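Notes follow the structure.
The values are calculated or read from the model by the stated rules, or taken from the named source; none is laboratory data. Computed from a prediction, not measured in an experiment: that's the story for all the values here. For neighbour counting, all protein chains shown are included, and Cβ atoms are generated from backbone atoms with ideal geometry for every residue, glycine included. We work out accessible area using only protein heavy atoms, side chains counted, and drop any ligands, DNA or RNA first. Shrake-Rupley method; radii C 1.70, N 1.55, O 1.52, S 1.80 Å.
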Amino acid sequence: MTTLSIIDGRVLRPDLTVTAADVLIDQESGTILEIAPDLAGEADETLDAADSLVTPGFVNGHCHVAMALLRGYADDKPLDAWLQEDIWPAEAELTGDDIRVGAELGLLELIKSGTTAFADMYFDVPEIAAAVEQSGLRARLGHGVVTVVKDDEGAREDARTSLEIAREYAGAADGRISTAFMPHSLTTVGSEYLEEFVPEARDAGVPIHYHANETADEVAPIVDEHGVRPLEYAADRGMLEPEDFVAHGVHVDETEIDLLAEAGTGVIHCPASNMKLASGMAPVERLREAGVTVGLGTDGAASNNDLSMLDEARDAAMLGKLAADDASAVPAEAVVDMLTRDSAAAIGLESGRLEAGAPADLAVIDLEKPHLTPRHDLVSHLAYAAAAADVRHTVCDGRVLMRDRDVLTLDEAAVRERALEAADSLVARAE
Ligand SMILES: CSC[C@H]1O[C@@H](n2cnc3c(O)ncnc32)[C@H](O)[C@@H]1O
Ligand SMILES: [Zn+2]
């Protein structure tokens, strides 16, 4: 057994207390062996966490990581215009190499901001899976299905690809990759395809992930055409099971909140994307009160425009208060749970908690910063004050991915250079 010890830090426990302790990790199984003082002497490798907070790695519950290549390409439009006028035409020009380098760029940003696991919907999943394997991160990946712009043959092929990818990549990268069947949304995939392919996803034993109730414009057509709210429509098609998770859930009514709570389906709240596209304010406090598991996601870098989960946490707290018209809504403790174990639970992962037996996925935050001084409450600092640049080390599955801000699994300078070239060439082709 080879072991790693994170030494001399302050460790954030699952009950959100903070204790001075070392974290001893079995690198072969990728799990935490023990959290206690003075474990340095027992380890093969150590990572210094003096004056630092050792926190569970952040879990990004909804992302399109390769869209890092489209960061800043199209801003200041609402969802539908943004997708139709700018993003989808540019995505039509993406090559496999573009998606690989876009994914590597996004993964670098995830590692540098303390994220250790994420869920991702995109095209060319084999390229994304290869980048994830190299990065050392954990991910639930899926091919996003859109049928509305395709003929019947193309639509079926797209849905079949999503199922095949979900079957083929489950357990890849030494078990760090899991998968899902991912219809893009309830309005961009025809009901006949949901009815045909959702049962196949169930037979394959993979969860289902989709955008739902993101904008008011997305709710109205389902109510008009089917006479029910979108999540009732989804439940009628077997798409609201405990292992499933939806992105956004902004425009959900009380009936839908109850449906989500009864079903045990998770919601991934994406506050920055919802604010930037002016999609609306999700009723996060209501969802949590009703017992829905609410995780956090960045969405893609083209609608955010970064992939920092610490930014997302702060946005979730601020927007949650505004939405509830209540300063006590979505408090720091709730946000830290959403950032870590609730996101993990929503996307079906065991990570998000630091305790013996848990996956060794963690981030070490440097507290020696003016904006993290004084230290009345470290949970408050995580929710409101800490930033991506404060992350010193990132560890996933027991492996050090970043040490003292140096990413060890990807060549940061080379990825940035390739990404700059690929992005320029993509934009030239798209215009
Ligand atoms: C079919 S792969 C995923 C697809 O989703 C697009 N996308 C990115 N952000 C959003 C969003 O907020 N709502 C809906 N769709 C989004 C992305 O550009 C890909 O085309
Ligand atoms: Zn999305």
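Screening the stretch 1-106 for strands (runs of 3 or more DSSP E) wholly inside it with 1 or more residues that are more than 16 Å from ligand 2 (Cβ to nearest atom) and closer than 30 Å to residue 212 by Cα returns the ranges 52-56, 58-63.
Just one of (1) touching an Asp or Glu at 6+ places or on another chain (Cβ under 7 Å); (2) without any contact (Cβ under 8 Å) to a residue 60 or more places away in the chain; (3) under 30 Å from residue 360 (Cβ atoms) fails for residue 185. It is (3).
A count restricted to the stretch 48-95 and to residues that are in the same structural domain as residue 19 (by TED's automatic domain parsing), of a type outside the set (Gly, Ala, Ser) and open to solvent by 10 Å² or more (accessible area, probe 1.4 Å) stands at 2.
Kindly evaluate residue 399 against the criterion of being basic (Lys, Arg), within 30 Å of residue 243 (Cα to Cα) and surrounded by fewer than 20 Cβ atoms within 10 Å (Cβ to Cβ). Here the answer is yes, as residue 399 does meet what is asked. Within the stretch 1-36, the set of residues being surrounded by fewer than 19 Cβ atoms within 10 Å (Cβ to Cβ) and among the polar types (S, T, N, Q) comprises 2, 3, 17, 19, 29, 31.
The rows are residues; the columns are (1) at pLDDT 95 or above; (2) more than 17 Å from residue 295 (Cβ to Cβ); (3) out of contact with any Asp or Glu (no Cβ under 8 Å at 6 or more places or on another chain).
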position: 341; (1), (2), (3): yes, no, yes
position: 351; (1), (2), (3): yes, no, no
position: 360; (1), (2), (3): yes, yes, no
position: 364; (1), (2), (3): yes, yes, yes
position: 369; (1), (2), (3): yes, yes, no
position: 373; (1), (2), (3): yes, yes, yes
position: 384; (1), (2), (3): yes, yes, yes
position: 393; (1), (2), (3): yes, yes, no
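Exactly one residue among 346, 389 is under 21 Å from the mean Cα position of the chain (by Cα) and open to solvent by 40 Å² or more (accessible area, probe 1.4 Å), and that residue is 389. Could you grab me the full set of residues in the stretch 115-144 that are hydrophobic (A, V, I, L, M, F, W, C) and buried (at least 24 other Cβ atoms within 10 Å of the Cβ)? Within the stretch 115-144, 117, 118, 119, 121, 125, 128, 131, 132, 137, 139, 141 qualify.
Would you mind stating whether residue 42 is over 26 Å from residue 295 (Cα atoms) and in contact with an Asp or Glu (Cβ under 9 Å, 6 or more places away or on another chain)? Against the criterion (over 26 Å from residue 295 (Cα atoms) and in contact with an Asp or Glu (Cβ under 9 Å, 6 or more places away or on another chain)), residue 42 qualifies.
Of all the listed residues (253, 325, 299, 258), the sole one being in contact with a helix residue (DSSP H, G or I) (Cβ under 8 Å, 6 or more places away or on another chain) and open to solvent by 30 Å² or more (accessible area, probe 1.4 Å) is 258. Among the residues making up the stretch 55-70, those that are within 20 Å of residue 279 (Cβ to Cβ) and within 17 Å of the chain's Cα centre (by Cα) are 60, 61, 62, 63, 64, 67.
May I ask you to list the residues in the stretch 255-272 that are away from ligand 2 (no atom under 15 Å from the Cβ) and either of a type in the set (A, V, I, L, M) or free of Cβ contacts under 8 Å to residues at least 24 places away in the same chain (or both)? The answer is 257, 259, 260, 261, 262, 263.
Looking at the stretch 273-289, is at least one residue over 17 Å from residue 57 (Cβ atoms), out of contact with any Cys (no Cβ under 7 Å at 6 or more places or on another chain), open to solvent by less than 40 Å² (accessible area, probe 1.4 Å) and without any contact (Cβ under 8 Å) to a residue 40 or more places away in the chain? Yes, the stretch 273-289 contains at least one residue that is over 17 Å from residue 57 (Cβ atoms), out of contact with any Cys (no Cβ under 7 Å at 6 or more places or on another chain), open to solvent by less than 40 Å² (accessible area, probe 1.4 Å) and without any contact (Cβ under 8 Å) to a residue 40 or more places away in the chain. For residue 217, the criteria (1) more than 16 Å from ligand 2 (Cβ to nearest atom); (2) open to solvent by 60 Å² or more (accessible area, probe 1.4 Å) hold in every case but one, which is (1). Against the list (1) touching a Pro at 6+ places or on another chain (Cβ under 8 Å); (2) part of a loop (DSSP other than H, G, I, E, B); (3) farther than 29 Å from residue 176 by Cβ, the condition residue 350 fails is (3). Only residues that are on the phi > 0 side of the Ramachandran plot and not charged (D, E, K, R) were counted across the stretch 324-370, and they come to 4. Among all residues of the stretch 113-125, there is none that is in contact (Cβ under 8 Å) with a residue 60 or more places away in the chain, more than 11 Å from ligand 1 (Cβ to nearest atom) and in a helix (DSSP H, G or I). Residue count for the stretch 286-311 satisfying the condition of being away from ligand 2 (no atom under 12 Å from the Cβ) and in a loop (DSSP other than H, G, I, E, B): 7.
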